[in-house]
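Taking it in order: structure first as structure tokens, then the write-up.
The values are calculated or read from the model by the stated rules, or taken from the named source; none is laboratory data. Everything numeric here is computed off the predicted structure, so don't read it as measured data. Neighbour counts run over all protein chains shown; Cβ positions are idealised from the backbone, glycine included.
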Amino acid sequence: MKHAFAAIIAASLLTLPATASADHHDEATEAAPDRWDGFSARGNEPFWSATISADTIEFEHLGVFTATAARESERPVRDGTLLTGPISAVGGDVPPQNAQGRALMMLVEDRHCSDSMAGLPFPKTVRIILADSYFEGCGGTTEEVMRDGEFTVANIGGEAVPEGVEQSIRFDGEGGIFGAGGCNRYRGSYELSDGLTIGAVSSTRMACPGPRMQWESRLFDAFRQTISFEIAEDGTLTLFSESGPLLTATR
């Protein structure tokens, strides 16, 4: 994996003109909003985390070592951004030998990532080389993926939503869920932990003819049963109960 990471960086840099490289502290960068300040990433097995600030990249290999690198430069690469800087401090139980002064390389790819344990979606894939160690995981927040547009419900319980029954789901990224139930507009709350829990929803009280009310009841029942979810790279949302998929919705 480490060799694949190096190959990605080499191929990416070769596709860019030399002017693409820019020092993090030049005037243009300092004048523009810093989109990486506060960005965080994490990975499993091995468990690690990294946080970017205005001047540093703080890295922790859980229970093994910590490292601080100066955030010296960043440059666009193919499908992402490469941040690099010299390691200024290391600590912990088993710090990597001869790490201080060597470069930390952090590649943030604009590619969907799913947590390997909880299955939660994240907007970025992150790869890190620190001394002779390689780490891979996810970056950004799940809320960024959830609030990115409206989902149109395609099927519930494996049965396609009939034509004329308009159902939608939107997450506000701050614990709120709302949309069209098929007849009425609804609003409720959700909670993220190791999965997804959707609280009770309230809705308008309009009565509708045909199957629209029945499908609305099926949608709200699916919400009550939801324990987890996934958002695929193509934007398809799937809600799951303990026994399997409840519904799918597309962007």
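Yes/no matrix, rows are residues, columns are (1) at pLDDT 90 or above; (2) farther than 26 Å from R224 by Cβ:
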position	(1), (2)
S116	no, yes
L130	yes, yes
V145	yes, no
I156	yes, no
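Does G188 count as free of Cβ contacts under 8 Å to residues at least 12 places away in the same chain and within 20 Å of E143 (Cβ to Cβ)?
Criteria not met by G188.
Every residue in the stretch 228-238 that is surrounded by 15 or more Cβ atoms within 10 Å (Cβ to Cβ) and either of a type in the set (A, V, I, L, M, F, W, C) or not in a strand (DSSP E or B) (or both), please.
Correct list: F229, I231, L237.
Considering E109, E144, which residue is in contact with a Lys or Arg (Cβ under 7 Å, 6 or more places away or on another chain) and either in the same structural domain as D172 (by TED's automatic domain parsing) or not basic (K, R) (or both)?
E109 is the lone residue from the list that is in contact with a Lys or Arg (Cβ under 7 Å, 6 or more places away or on another chain) and either in the same structural domain as D172 (by TED's automatic domain parsing) or not basic (K, R) (or both).
State all residues of the stretch 49-60 that are outside any loop (DSSP other than H, G, I, E, B) and surrounded by fewer than 22 Cβ atoms within 10 Å (Cβ to Cβ); if no residue qualifies, say none.
To start, the set of residues in the stretch 49-60 that are outside any loop (DSSP other than H, G, I, E, B) comprises 49-52, 56-60.
Of everything in the stretch 49-60, those that are outside any loop (DSSP other than H, G, I, E, B) and surrounded by fewer than 22 Cβ atoms within 10 Å (Cβ to Cβ) turn out to be S49, T51, T56, E58, E60.
Which residues, counting only those in the stretch 239-251, are in a loop (DSSP other than H, G, I, E, B) and either modelled with pLDDT of 95 or more or in contact with a helix residue (DSSP H, G or I) (Cβ under 9 Å, 6 or more places away or on another chain) (or both)?
Taking the stretch 239-251 as the starting set, the residues that turn out to be in a loop (DSSP other than H, G, I, E, B) are 242-243, 251.
Passing the criteria: E242, S243.
Within the group T84, T68, which residue is closer than 30 Å to L192 by Cβ and not in a loop (DSSP other than H, G, I, E, B)?
Testing whether each residue is closer than 30 Å to L192 by Cβ and not in a loop (DSSP other than H, G, I, E, B) leaves just T68.
Examine the stretch 130-151 for a residue that is among the β-branched types (V, I, T) and farther than 30 Å from T84 by Cα, and state whether such a residue exists.
No, every residue in the stretch 130-151 fails to be among the β-branched types (V, I, T) and farther than 30 Å from T84 by Cα.
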